[in-house]
1. Report yes if some residue within segment 415-433 is assigned to a loop (DSSP other than H, G, I, E, B), outside the structural domain of Val50 (by TED's automatic domain parsing), within 27 Å of Asp49 (Cα to Cα) and at pLDDT 95 or above; otherwise report no.
2. Do you know which residues across segment 22-35 are under 20 Å from Arg374 (Cβ atoms) and either out of contact with any Gly (no Cβ under 8 Å at 6 or more places or on another chain) or polar (S, T, N, Q) (or both)?
3. Restricting to segment 190-199, and then to whatever is open to solvent by less than 10 Å² (accessible area, probe 1.4 Å) and closer than 11 Å to Ile209 by Cβ, can you tell me which residue is farthest from the ligand (Cβ to nearest atom)?
4. So is Val283 of a type in the set (Val, Ile, Thr) and either within 22 Å of the chain's Cα centre (by Cα) or open to solvent by 60 Å² or more (accessible area, probe 1.4 Å) (or both) or not?
5. Give me the residue from segment 1-42 that is within 17 Å of the chain's Cα centre (by Cα) and part of a loop (DSSP other than H, G, I, E, B) and, out of that set, nearest to the ligand (Cβ to nearest atom).
6. Of the residues that make up segment 89-98, is at least one over 22 Å from the mean Cα position of the chain (by Cα), surrounded by 17 or more Cβ atoms within 10 Å (Cβ to Cβ) and either at pLDDT 95 or above or not assigned by TED's automatic domain parsing to the domain that holds Gly61 (or both)?
7. Considering only helices (runs of 4 or more DSSP H) fully contained in segment 82-189, which possess at least 2 residues that are away from the ligand (no atom under 15 Å from the Cβ)?
Amino acid sequence: MEMFVIEGCQPLSGRVSISGAKNAALPIMASTLLSDGPNQLQGVPNLVDVVTLSQLLSSLGMKIERNKNDSLLLEVIDESCFIADYDLVRRMRASICVLGPLLAKRKKACVSLPGGCNIGDRPVNLHLKGLAALGADIRIEQGYIIAEAKQLTGAKIYLGGPFGSTVTGTCNVMSAATLAKGTTTIEAAACEPEVVDLGNYLNAMGAKITGLGTPFLEIQGVESLTGTDYKIIPDRIEAATLMMAAAITNSSIELENVNLAHMTAIVEKLQELGVNIRNSDDVVHVSSNGKLNTADCIALPYPGIPTDVQAQLMALLTITSGMNIVTDKVFPDRFMHAAELTRMGASIRREGPNAIIHGQGQLNGACVMASDLRASAALVLAGLAAKGATTIRRIYHLDRGYEKLDEKLNSLGAHIKRVKDSPENRPQEIQPDLISLSNIPDDAEKRSTIDPPKWLTKQERKTGRR
Ligand code: EPU
């Protein structure tokens with residue numbers, strides 16, 4: 001395993017390009033299962049999640065080649081398999097996106113349920129409800145969803161749930177409905193740009209979908225879909241993360257390949273905080289003069305502030321001077337990063353569905369643990385702003401969804417080292433017996449061979465006492 005060691009407080013400057021959107025690339029790749037003929041996808045980020053889905057699609061009879069850096073060629077060569085194995089699905093929840101395409105094209109899908117998740121409950125009841133409404137016979141057996149239908153039939157489907165619509169659920173039902181007999185309407189469809197991108201891709205293959213970007217979709221079923229060439233939209237979450245990297249380091253940077261139209265809510269929030277964001281000649285200029293206002297932030301389904309930037313926003317708010325409130329209405333328990341930020345000196349208190357952040361103006365380096373993809377990004381931002389060194393362990397979460405974030409930030413002037421996570425590379429842990437007042441041996445000199453932390457006074461280091 002690898003970890004990051006970040007030397008904080010380095011100003012950033014220069015220009016980087018945003019990669020294609022992970023959350024558009026994954027359902028689009030899964031939907032190539034529907035096509036007769038080859039597909040050329042451009043703007044596919046080189047990520048662990050993309051590799052995992054490629055492995056899954058290969059196991060389902062697809063030939064996949066990465067020809068240029070961001071371009072994938074995908075073609076179905078064998079349609080006989082319909083099983084998405086637990087071993088691959090458990091590594092990435094987005095594997096569920098193969099369910100609708102497999103069912104519609106191969107008449108049967110057997111997809112493992114993904115299991116638990118660090119960001120909260122992630123049921124798939126709405127996916128199943130939508131596919132059942134299209135006429136699929138669905139049952140759960142031994143941890144697998146088994147869905148079968150000789151011919152899907154268009155239906156009227158409502159996809160709203162207690163936390164709004166469902167992004168990948170809309171992708172699954174919309175994809176399956178493209179080959180259903182007759183017309184399907186989906187109410188309370190997800191409006192995220194990534195869902196629109198999938199819809200545009202399906203239409204480019206010959207599907208007939210209208211209403212994309214609104215909660216009301218109409219899909220007229222067609223007999224078949226052809227392969228096609230398609231370019232995936234830029235990743236709005238990566239763009240927002242880099243904007244916050246500039247803000248948290250009081251820097252000025254430029255971003256290429258950004259679609260600001262997909263980012264209205266987050267851009268407005270950053271501007272409310274005092275960050276300057278300006279678009280000229282297809283380049284977005286982001287700068288901050290070091291004085292951030294406080295703000296309250298609520299993560300909501302699109303067009304609201306995305307839940308996928310909530311953790312990064314929280315990191316940014318820790319360096320304001322005053323009180324901020326963060327609420328996540330999409331994943332109400334997605335706050336595992338708060339405890340790690342607290343290790344870096346942040347003051348964050350949970351109160352019911354809210355996190356109250358008392359901005360302290362400054363963070364301090366510490367050894368912290370990434371718990372999921374966006375939490376990792378939040379810790380990277382915190383590390384960029386912190387005094388001293390921050391070590392972030394379990395960065396495999398970050399590699400799942402950000403393309404070379406460390407390299408991009410280093411090209412802007414950050415000091416991030418990717419090293420093996422081994423005891424010698426880890427910062428020295430504070431030994432509990434060193435500071436416990438009840439457990440001090442008489443001969444304190446013999447107590448430990450590990451150097452005590454530098455912030456203890458000479459006397460404290462020698463005796464373990466204040
Ligand atoms: N929900 C249900 N029932 C369902 C499905 C969802 O109640 O059948 C609930 C969820 O528990 C959650 C809410 O609805 O409270 C929204 O979940 P959604 O289904 O929209 O999430 P998802 O499709 O599983 C995608 C992204 C996530 C992103 C969410 C919300 C992909 C591959 N994943 O997940 O991305 O957070 O939408 O925008 O598109 C990430 O990139 O880090 C990430 C987690």
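The values are calculated or read from the model by the stated rules, or taken from the named source; none is laboratory data. Just so it is clear, the model here is predicted, and its values are computed rather than measured. Note that each Cβ is placed from the backbone with ideal geometry, even for glycine, and that neighbours are counted across all protein chains shown. Heads up: the accessible areas ignore ligands, DNA and RNA and are worked out on the full protein's heavy atoms, side chains in. Shrake-Rupley method; radii C 1.70, N 1.55, O 1.52, S 1.80 Å.
1. Among the residues of segment 415-433, not one is assigned to a loop (DSSP other than H, G, I, E, B), outside the structural domain of Val50 (by TED's automatic domain parsing), within 27 Å of Asp49 (Cα to Cα) and at pLDDT 95 or above, which makes the answer no.
2. Step one: filter segment 22-35 for residues under 20 Å from Arg374 (Cβ atoms), giving 22-27.
If the condition is that a residue be under 20 Å from Arg374 (Cβ atoms) and either out of contact with any Gly (no Cβ under 8 Å at 6 or more places or on another chain) or polar (S, T, N, Q) (or both), then Asn23, Ala24, Leu26, Pro27 are the ones that fit.
3. Within segment 190-199, the match that is farthest from the ligand (Cβ to nearest atom) is Gly199.
4. It is false that Val283 is of a type in the set (Val, Ile, Thr) and either within 22 Å of the chain's Cα centre (by Cα) or open to solvent by 60 Å² or more (accessible area, probe 1.4 Å) (or both).
5. Per the stated criteria, the residue is Ala21.
6. We begin by selecting, within segment 89-98, every residue over 22 Å from the mean Cα position of the chain (by Cα); these are none.
No.
7. Values: elements: 86-89, 99-106, 125-133, 167-177.
Those helices (runs of 4 or more DSSP H) span 86-89, 99-106.
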